[in-house]
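Colleague: Dumping the structure here so I can ask a few things about it.
The values are calculated or read from the model by the stated rules, or taken from the named source; none is laboratory data. Predicted model, so just to flag it, every value in this text is computed and none were measured. Cβ placement follows ideal geometry from the backbone for every residue including glycine, while neighbour counts extend to all protein chains displayed. What goes into the accessible areas is simple: the full protein's heavy atoms, side chains included, and nothing from ligands, DNA or RNA. Shrake-Rupley method; radii C 1.70, N 1.55, O 1.52, S 1.80 Å.
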Amino acid sequence: MFEMECSAEDISTEGCSMKSDRAQRKRKVSRDVELEIELLLKAVPQLAKVFHIIDKIGEGTFSSVYLGEAQMRDGRRKMFALKYLIPTSHPTRIAAELQCLTVAGGRENVMGVTYCFRKEDRVVIVMPYIEHQPIVDIIGLLSFEEVRLYIYHLLKALKHIHQCGIIHRDIKPNNFLYNRKSKMYALVDFGLAQGTADTQIELLKDLTGLCKVPRPVFGERNLNSCTPLRSTTKQAASKRELVKLRKTEEPAPRSPLPVRTQSSSQKPQKTLQQGLTCSCYLTDRVCNICMARKQQVAPRAGTPGFRAPEILTKCPNQGTAIDVWSAGVILLSLLSGRYPFFKASDDLIALTQIMTIRGSRETIRAAKTYGKALVCSQELPRQDLRTLCETLRGRRSSRDNNVSPAAERSHDETLTHRPADPNLQPHRGGETTTCLTKQSSVSGGEVEEEELGWDIVPDEAYDLLDQLLDLNPSTRITAAEALLHPLFTDL
Ligand code: ADP
Ligand code: MG
Ligand code: ZN
């Protein structure tokens, strides 16, 4: 477990001429990074009194993270992560991120904060440094036991922040630092956090207005431009029409199916009720009538592949369950050995990918419980999670009994936009995607898999996965409940 080991008072501001120390000699920093470090020191000059900045270790949309070394009062040198926030961040947003770290951090696998520097609108948050390995680098090496512990510790962090009334909103491996060797875990990045109704984080209350503003994302299709709800018979008719249209006029569609959502409580506009029928229903166009509709507002921060179905369908009431869904996606990724599991460029594709795994009928039924009408042009069957994961791990061929041939294909073609070429092998790594190479049944590969415990994954693992990936947020298991799941009885 991660604990905060020191406070700002322990850091010395005197002996910081460490220009030729061990750490720096070990690292070779590019000229670009050197320049960035110079700019950082110019922007926040106080940093130079305390830290020797060694390298840049992370870059996100809203920040750059640097590795800094400080001399402690007792003579030791310690490493820190310095998160330099982009100056355009809203001041309340920055303060809220800090408050999450100070109120909830430093225990229960949640990153703490040591200090914060500010000069004008430039803010640097100083945190203890945790050396960690990106999941994409180690996913193929992890044993089942390591995966079980990883998820346990992630759920522990989630239980804690949820008890504090924090919805993290961006749960993904990049924000859950993991040191495989020392078994350290730390949840970071409260840059998108929101408060629950009874949050302990005062500043998150002030953010409610700020977060509600939907941020249009370039290149993403608009989920709001939907057609009015029609009677089921009309729906069925349109559905037949679409299928017919595709058969006669278009080549076989590439994986993402047209999916539309709308709030069933949303009243169609008067003109529409008077017989002006919208012409874009179940097509991939947006007609003028729909263009004129009022935007539905719902928070949608986060990373598409980790977004819960209620975010993707713009349900305005989102709670801590969205973090639990993301933890489920991480577990699915770890059990199947594929990272990222869902690779979606927009919300509709992400929703279709979820349907491919969890079933379209089930997704539609769940969305209905929170007032969203969803239409899918083709029925996608729910997949058995064990079969899916074992097939993707190469432990089963899709020709085995009881294995849906769609299981493997659905990942390799639908989920990562592969062309439907039967000669294509499952993807074998690449710039951003990692998967296990297929094990041959006679080679040493299988022995290794067995040593890592992948031959005896208990049913409990898939049962927990099923409950984390519950399409209905109101019945989805909570982090606190998940920690009591039989998978973790011995922990
Ligand atoms: P962003 O909001 O830009 O995503 P994060 O807080 O997620 O910023 O940090 C970006 C990256 O920096 C992380 O994914 C991680 O690799 C690294 N990082 C952040 N905090 C720490 C820390 N305390 N120790 C080590 N690395 C960190
Ligand atoms: Mg991050
Ligand atoms: Zn329309």
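Colleague: If you take every residue apart from Leu39 with its C-beta less than 14 Å away from the C-beta of Leu39, what net charge results, scoring Lys and Arg +1 and Asp and Glu -1?
Modeller: Details: positive: Arg31, Lys42, Lys56, Lys119, Arg122; negative: Asp32, Glu34, Glu36, Glu38, Glu59.
Around Leu39, the charge tally is 0.
Colleague: Something else: Give me the extension gain from Leu35 to Asp455: residue separation times 0.36 nm, minus the current Cα-Cα distance, reported in nm with one decimal.
Modeller: 146.2 nm
Colleague: Amide H neighbours of Tyr66 under 5 Å, at least 5 residues apart or on other chains, H built in the peptide plane: list them.
Modeller: Correct list: Ile57, Leu82, Lys83, Tyr84.
Colleague: Any chance you could look up the accessible area of Glu481 with a 1.4 Å probe, heavy atoms only, rounded to 10 Å²?
Modeller: We get 100 Å² for Glu481.
Colleague: Follow-up question, since we're still on this one. What does the net charge come to around Ala104 if you take all other residues with beta carbon closer than 12 Å to its beta carbon, with K and R at +1 and D and E at -1?
Modeller: So the surrounding residues net to 0.
Colleague: Follow-up. Nearest 0.05, what FRET efficiency do Met72 and Thr208 give at R0 = 41 Å with Cβ-Cβ as r?
Modeller: 0.55
Colleague: Just order 287-300, 313-326 by mean Cβ neighbour count inside 10 Å, highest at the front, would you?
Modeller: Working: 287-300: 15.4, 313-326: 22.1.
Averaged packing, sorted descending, gives the order 313-326, 287-300.
Colleague: Just to check I understand the Karplus step: with θ = phi - 60° and J = 6.51 cos²θ - 1.76 cosθ + 1.60, what whole-Hz values come out for the stretch 89-104, glycine and proline as x?
Modeller: 3J(HN,Hα) across the stretch 89-104, in whole Hz: 4, 5, x, 5, 4, 4, 4, 5, 4, 5, 5, 4, 5, 7, 7, 9.
Colleague: List, in order, the whole-Hz ³J(HN,Hα) value for each residue of the stretch 41-57 obtained from phi through the Karplus relation with A = 6.51, B = -1.76, C = 1.60 and θ = phi - 60°; use x for Gly and Pro.
Modeller: Per-residue couplings from phi come out as 5, 6, 5, 10, x, 4, 4, 5, 6, 10, 10, 9, 8, 9, 7, 9, 10 Hz.
Colleague: Which far-off residues, 5 or more places away or on another chain, put their amide H under 5 Å from the one on Leu282, with H placed in the peptide plane?
Modeller: none
Colleague: Another question about this same structure. Would you mind counting up the charge near Ala480? Only other residues with Cβ under 14 Å from its Cβ, with Lys and Arg at +1 and Asp and Glu at -1. Each step should come with its number before you reach the end.
Modeller: Numbers: positive: Lys156, Lys159, Arg476; negative: Glu108, Asp323, Glu481.
The answer is 0.
Colleague: Rounded to the nearest 0.05, what FRET efficiency do Glu131 and Arg285 have when you use their Cβ-Cβ distance and R0 = 41 Å?
Modeller: The value I calculate is 0.20.
Colleague: Another question, if that's okay. Going by amide H atoms built from the backbone, whose H comes under 5 Å of the H on Cys376, apart from near neighbours?
Modeller: none
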